[in-house]
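To start, the structure under review is shown below, and the notes come after it.
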Amino acid sequence: MELESYLDQELDPVLRVSLEEHLLKCKKCRLIVDTTKKTIEIYCNAEPAPLPQDTRNRLHQALAKRLRRAQS
Amino acid sequence: MSSPKVDPIRQHTLPSQVVKDDEPKLVAAAKAGEISAFEELVGRYERKIFRLTQNITQNKEDAEDAMQEAFLKAYEHLGEFEGNSRFYTWLVRIAVNQALMKLRKRRPNVVSLDEDVETGEESVPRDVQDWGPSPEQRFEQTEMSGILQSVITDLDPPFRIVFQLRDIEELSTEETAEALGLSVPAVKSRLLRARLKLRQKLDRYFRQGENQ
């Protein structure tokens, strides 16, 4: 769970310093932390695909029907 | 003293960039009955909400229905939105509920999200390699999207959905816990498991790319 807190920048400062000291010495842990951060970053930055046109049409038709009802 | 080898943690936990500053104004206008303002909000978030409902339901038809129902519900209950959270967070919570209902209906035997699930201990991989600075750029965009999609689909729902809300939709740990009816420690342990599993699965693509 320390790793989890570290990744989310919520780790107690004392533990954080000792973890970072360990990361400087231990290449394996450093690579795991770096590639896990990269994993999060890649997913976070991934652009959602455009809606399929038929899906979008149905959504907007359903909304238009509901919004028209609200107006009348 | 400098520590050049430890990268600063990327600011993925900052408020979502998808939420633009004019959101409160748009929401206020929509609440006042301005239809175009609500349509603008829909247009802004429809892709993200559809990705969310797809990732939860794993079924296109259910995902589409859940997305539609989420926007319609949001419209109907707009008056109840008090602005204590971001509108987008509120919308995500509605969409999660709709998508979970579909998932449970279609797959009643699916592990309940609020049950204890075995998060287990991740074993440290024996051989860990660097991915390089931008491993994702070694792939065409559509190919990369396909990889990300197939890798996340492999995760069991309790892990996939927590990762989706926390790291893709950028909800806070507390918001994720509240949306899923989980405790904060349960969210954290599932999230760690999901992140490490995804890392492990992506490693196959990125270390291969490294050697190409």
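The values are calculated or read from the model by the stated rules, or taken from the named source; none is laboratory data. Remember, predicted model here, so these are calculated numbers, not experimental data. Using ideal geometry, Cβ is built from the backbone for each residue, glycine included, and neighbour counts are taken over all protein chains shown.
So, in segment B:185-200, how many residues would count as being of a type in the set (A, V, I, L, M, F, W, C) and either touching a Pro at 6+ places or on another chain (Cβ under 8 Å) or more than 9 Å from chain A (Cβ to nearest Cβ) (or both)? If you could, list the steps in order and put the result at the bottom.
Taking segment B:185-200 first, the residues of a type in the set (A, V, I, L, M, F, W, C) are B:186-187, B:191-192, B:194, B:196, B:198.
Remaining after also requiring either touching a Pro at 6+ places or on another chain (Cβ under 8 Å) or more than 9 Å from chain A (Cβ to nearest Cβ) (or both): B:186-187, B:194.
The number of residues fulfilling the criteria is 3.
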Only unsatisfied item for residue A:70, checking (1) over 26 Å from the mean Cα position of the chain (by Cα); (2) closer than 26 Å to residue B:52 by Cα; (3) of a type in the set (Gly, Ala, Ser), is (2)
Does any residue in segment B:60-72 that is touching a residue at least 40 places away in the same chain (Cβ under 8 Å) come within less than 9 Å, Cβ to Cβ, of a residue that is not β-branched (Val, Ile, Thr) six or more places away or on a different chain, and which pairs are these? B:62/B:54; B:62/B:99; B:62/B:102; B:62/B:103; B:62/B:105; B:62/B:106
Among B:128, B:124, B:111, which is modelled with pLDDT under 90, farther than 17 Å from residue A:43 by Cα, assigned to a loop (DSSP other than H, G, I, E, B) and more than 9 Å from chain A (Cβ to nearest Cβ)? B:111
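At pLDDT below 90 and facing chain B (nearest Cβ under 7 Å), is that true of residue A:48? Break it down stepwise before answering.
Working: at pLDDT below 90: yes; facing chain B (nearest Cβ under 7 Å): yes.
Answer is yes for this residue.
Could you pull out the residue among A:19, A:3, A:11, A:24 that is free of Cβ contacts under 8 Å to residues at least 40 places away in the same chain, part of a helix (DSSP H, G or I) and more than 8 Å from chain B (Cβ to nearest Cβ)?
On the way: A:3 fails: more than 8 Å from chain B (Cβ to nearest Cβ); A:11 fails: part of a helix (DSSP H, G or I); A:24 fails: more than 8 Å from chain B (Cβ to nearest Cβ).
When all the criteria are applied, what remains is A:19.
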With criteria (1) under 30 Å from residue B:192 (Cα atoms); (2) more than 7 Å from chain B (Cβ to nearest Cβ), residue A:68 comes up short on (1)
Would you check which residues across segment B:165-184 are acidic (Asp, Glu), facing chain A (nearest Cβ under 9 Å) and in a helix (DSSP H, G or I) and list them? B:167
Selection from segment A:29-58 of residues surrounded by fewer than 14 Cβ atoms within 10 Å (Cβ to Cβ) and assigned to a helix (DSSP H, G or I) yields A:45, A:53, A:54, A:57
Output the number of the condition that residue A:63 fails; it satisfies all remaining conditions of (1) at the interface with chain B (Cβ under 7 Å from one of its Cβ atoms); (2) surrounded by fewer than 16 Cβ atoms within 10 Å (Cβ to Cβ); (3) among the hydrophobic types (A, V, I, L, M, F, W, C). (2)
